[in-house]
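Visitor: Structure incoming, see below.
The values are calculated or read from the model by the stated rules, or taken from the named source; none is laboratory data. On a predicted model such as this, the values are computed, not experimentally measured, just so you know. We place every Cβ from the backbone using ideal geometry, glycine too, and count neighbours over all the protein chains shown. What goes into the accessible areas is simple: the full protein's heavy atoms, side chains included, and nothing from ligands, DNA or RNA. Shrake-Rupley method; radii C 1.70, N 1.55, O 1.52, S 1.80 Å.
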Amino acid sequence: MDDRLTALKRRLGELADLGHALALANWDQQTMMPPRGAQARSESIATLTRISHELFVGAETGRLIDGAERELRDADPDSDDSRLVQLVRRRWEKARRVPPELASDLARAASIAQEAWVGARERSDFASFAPYLETNLKLARRYVECHLGQPEFECAYDVLLDDYEPRMPTAQLARLFAQLRDQLVSMLGALPRDGAVDEWPLHARFAVEGQRRLVREVVSMMGFDDSSWRLDDTVHPFATRIGVGDVRITTRWDEDYFPMALYGAMHECGHGLYEAGLPAALARLPTGAPESLGMHESQSRLWENMVGRSRAFCEVLAPRIAALAGGRLASLDAEALYRAVNAVRPGFIRVEADEVTYGLHVILRFELEQELIEGRLTVAELPEAWNARVREYLGLEVADDADGVLQDVHWSAGLIGYFPTYALGNLIAGQLWERACDELPGLEDLIAAGDLAPLREWLRERVHRHGAKFTTGELLERELGAPIQVGPFADYLRAKLASVYGPPAGRSF
Ligand code: ZN
């Protein structure tokens, strides 16, 4: 008879296979599937999800976990096997606390609310969406109640955040975000008014065929290879891994705004490199798949912003854009490109935000969703609270809810506690970037020459190879000897702002 650990791994391997089939079904739905396939696809996805949920939460999984824990009693608690069983124990307990009726209510309400949200956003009609958001919040509170009382959760928001950023306490996040908010607001206040940077290159015409060649060249430099990656078109870009040796990334195109495709593809390729760099020894195990969305986002943002928008990489991009786009862009040089892609311009829409204002968009969502879940803010008061915060942080007046509180899909989809991981990604990327610059001699020259392999290998060694063995906090302590912090990201931004905007007399970022 097999030992329990082996049997547990076999079951987890089957669950990973089901997960891969789900990932493929989702990828296909968003890239290839003809529109009339939607109904059948949603049924197969629901069935696969239910089967894998039942296989995981069943009592047999619990018996295998018990047995594996006994077998590992004397093992090193940081070994791959011990970490695996700890992680699976924690996920299994959390999943078991949620009654099946609540799990299906959550899924159903999310899909109904998303449809209502699409219409409400089109009409900029918050009132018609409010009852659905009310239901999602009520269900989220019931979900929270299943877990409150566990010593690891001190407040309601801890439970929700934990689904996206495991074991990060809200109190720690709130401290980091308060610091980040103050720094970003002060940087923004020190910037000159609109027009200090000429942004003409961003909106000059660049035919899609040329953009496709540029994007292929750039992602190939990053590590994309045809034997194990695909790049396809989609509406909402994402990256996914179907299994070992099969990473899929997606992007979208606009002939009058090439940064959307280029930086979107670099972002998703950053996510893809993380997935591709996971340890083969942990394939088909939960520890072999990233768990922290903050860490995942750090990889995409490091490549998109710290590399992609660097002065050094603009040396690579500018001549290729000039050659492939022609027309007005034929005269593009690295300095003009660098300034344009780093211009800071407060706007209403999070997904279009620059590196300075992006964090403020995330922080205001984090603050509001905490207030909603704790009952300090009602759904009826939400639009005004949103607009007040946009005024305070970004200095803008929201004219209609489509550009305000209705702009993101997350709350309609029941994803409460997800937003913070976007800004956490920036902070972690700041720390990794600072250390990579210290440890990789001549990194800037390598990037300017288009040699991105040393940075990729450094990230693989420091981050990717650990998979989900450690939490974000543990991984940063082990690899960088420091907790998550704001300083490196803020320093990076200040240096960039000074190089783009100044440093004129009397201004300090
Ligand atoms: Zn991302």
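Visitor: Among the candidates Ala40, Ala110, Ala7, single out the residue that is without any contact (Cβ under 8 Å) to a residue 40 or more places away in the chain and out of contact with any strand residue (DSSP E or B) (no Cβ under 8 Å at 6 or more places or on another chain).
Guide: Residue meeting the stated conditions: Ala40.
Visitor: On the basis of being assigned to a loop (DSSP other than H, G, I, E, B), within 13 Å of the ligand (Cβ to nearest atom) and under 19 Å from Leu475 (Cα atoms), does Pro237 make the cut?
Guide: For Pro237, the condition - assigned to a loop (DSSP other than H, G, I, E, B), within 13 Å of the ligand (Cβ to nearest atom) and under 19 Å from Leu475 (Cα atoms) - is not met.
Visitor: Restricting attention to the stretch 235-289, which residues are open to solvent by 10 Å² or more (accessible area, probe 1.4 Å) and within 14 Å of the chain's Cα centre (by Cα)?
Guide: Across the stretch 235-289, the qualifying residues are His236, Pro237, Phe238, Ala239, Thr240, Gly264, His267, Glu268, His271, Glu275.
Visitor: Could you tell me whether the stretch 113-127 includes any residue that is among the aliphatic types (A, V, I, L, M), touching a Pro at 6+ places or on another chain (Cβ under 7 Å) and assigned to a helix (DSSP H, G or I)?
Guide: no
Visitor: Answer yes or no: is there a residue in the stretch 250-268 that is more than 30 Å from Ala25 (Cβ to Cβ), away from the ligand (no atom under 14 Å from the Cβ), part of a helix (DSSP H, G or I) and not basic (Lys, Arg).
Guide: Yes.
Visitor: Does the stretch 308-320 contain any residue that is surrounded by 23 or more Cβ atoms within 10 Å (Cβ to Cβ) and within 14 Å of the ligand (Cβ to nearest atom)?
Guide: yes
Visitor: A further question follows. So which residues in the stretch 273-324 are hydroxyl-bearing (Ser, Thr, Tyr), more than 20 Å from Leu12 (Cβ to Cβ) and part of a helix (DSSP H, G or I), if there are any at all?
Guide: Once the filter is applied, which keeps residues that are hydroxyl-bearing (Ser, Thr, Tyr), more than 20 Å from Leu12 (Cβ to Cβ) and part of a helix (DSSP H, G or I), the stretch 273-324 yields Tyr274, Ser298, Ser300.
Visitor: In addition: Do any residues in the stretch 327-355 that are without any contact (Cβ under 8 Å) to a residue 24 or more places away in the chain have Cβ atoms under 8 Å from those of residues that are open to solvent by 40 Å² or more (accessible area, probe 1.4 Å) and part of a loop (DSSP other than H, G, I, E, B), where the two are at least six apart or on different chains, and which pairs are they?
Guide: Pairs that qualify, where the first residue is without any contact (Cβ under 8 Å) to a residue 24 or more places away in the chain and the partner is open to solvent by 40 Å² or more (accessible area, probe 1.4 Å) and part of a loop (DSSP other than H, G, I, E, B), are Asp354/Arg345.
Visitor: Taking only the stretch 68-90 into account, find how many residues are open to solvent by 30 Å² or more (accessible area, probe 1.4 Å), among the basic types (Lys, Arg) and not in a loop (DSSP other than H, G, I, E, B).
Guide: Total meeting the criteria: 3.
Visitor: Right, next: Can you report the number of residues in the stretch 425-463 which are modelled with pLDDT of 95 or more and outside any helix (DSSP H, G or I)?
Guide: 7
Visitor: List pairs: first in the stretch 213-232 and on the phi > 0 side of the Ramachandran plot, second outside any loop (DSSP other than H, G, I, E, B) and not aromatic (Phe, Trp, Tyr), Cβ under 6 Å, 6+ apart or cross-chain?
Guide: Gly223/Leu273; Gly223/Arg456
Visitor: Further, regarding this structure: Looking at the stretch 175-211, which of the residues that are over 24 Å from the mean Cα position of the chain (by Cα) and among the basic types (Lys, Arg) is most open to solvent (accessible area, probe 1.4 Å)?
Guide: It comes out as Arg193.
Visitor: So which of Ala171, Ala127, Ala116 ends up being in contact with a Ser or Thr (Cβ under 9 Å, 6 or more places away or on another chain) and of a type outside the set (Phe, Trp, Tyr)?
Guide: Checking each option against the conditions leaves just Ala116.
Visitor: I would also like to ask the following. Only one residue in Arg213, Arg230 is over 27 Å from Leu424 (Cβ atoms), assigned to a helix (DSSP H, G or I) and more than 16 Å from the ligand (Cβ to nearest atom). Which one?
Guide: Only one candidate qualifies: Arg213.
Visitor: Can Arg230 be described as within 19 Å of Arg328 (Cα to Cα), modelled with pLDDT of 95 or more and among the charged types (D, E, K, R)?
Guide: In short, no.
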